[in-house]
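As structure tokens, the structure follows; a few thoughts come after it.
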Amino acid sequence: MHFVDDKQLAYVMRRYRQVHDFLHVLCGLPTTVEAEIGLKWFEMVQTRLPMCALSSFVGPLRLPLDSHLRLLQSYIPWALRSASRAEFMLNCFYEHHLEEDLDSVRRRLNIEPFSRV
């Protein structure tokens, strides 16, 4: 984090970037544009970081109508529900759980994986 002068804030931002891919796996989200925006909603609820909010609201602007509908009907409700119930994701030492069963880690962190309804 070259542009953050405060060491504690730089650590938080670095950790946020480090756990992003773990969240894709834990949340059961692919790396599509819609799923990425859904994950940004999850991260926004969890972290309240302005960049997550910006991505959540601006990211969908160029998507087609059917993608907007999927976001509104599936991804966003899931993200709001799951993120508000889950343990705070930046506090988890994912490195200690790499050998564990994915479902048991999800249960421990109270993460509801995404499933399109």
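The values are calculated or read from the model by the stated rules, or taken from the named source; none is laboratory data. Model, not experiment: these values are computed from the prediction. Every residue, glycine among them, receives a Cβ derived from its backbone with ideal geometry; neighbour counts consider all protein chains shown. Keep in mind that these areas ignore ligands, DNA and RNA; they rest on the heavy atoms of the full protein, side chains included. Shrake-Rupley method; radii C 1.70, N 1.55, O 1.52, S 1.80 Å.
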Looking at (1) open to solvent by 50 Å² or more (accessible area, probe 1.4 Å); (2) at positive phi, can you tell me which one GLY28 breaks? (1)
Do you know which residues across segment 82-111 are in contact (Cβ under 8 Å) with a residue 12 or more places away in the chain, part of a loop (DSSP other than H, G, I, E, B) and buried (at least 16 other Cβ atoms within 10 Å of the Cβ)? ALA86, CYS92, ILE111
Just one listed residue, out of VAL45, VAL58, VAL19, VAL12, is farther than 16 Å from SER115 by Cα, open to solvent by 20 Å² or more (accessible area, probe 1.4 Å), modelled with pLDDT under 90 and β-branched (Val, Ile, Thr), and it is VAL12
Total residues in segment 52-70, condition among the small types (Gly, Ala, Ser) and over 17 Å from LEU80 (Cβ atoms): 1
For segment 93-105, how many residues are under 22 Å from CYS52 (Cα atoms) and out of contact with any helix residue (DSSP H, G or I) (no Cβ under 6 Å at 6 or more places or on another chain)? 1
Among the listed residues SER67, SER55, which satisfies the condition of being without any contact (Cβ under 8 Å) to a residue 24 or more places away in the chain and not charged (D, E, K, R)? SER55
So is SER74 open to solvent by less than 30 Å² (accessible area, probe 1.4 Å), over 29 Å from LEU9 (Cα atoms), touching a residue at least 40 places away in the same chain (Cβ under 8 Å) and more than 14 Å from the chain's Cα centre (by Cα) or not? yes
Scanning segment 31-42 for residues that are open to solvent by 30 Å² or more (accessible area, probe 1.4 Å) and either among the acidic types (Asp, Glu) or on the phi > 0 side of the Ramachandran plot (or both) gives GLU36
Looking only at segment 41-81, count every residue that is under 15 Å from HIS20 (Cβ atoms) and either in contact with a Gly (Cβ under 6 Å, 6 or more places away or on another chain) or of a type in the set (Asp, Glu) (or both) and tell me the total. 2
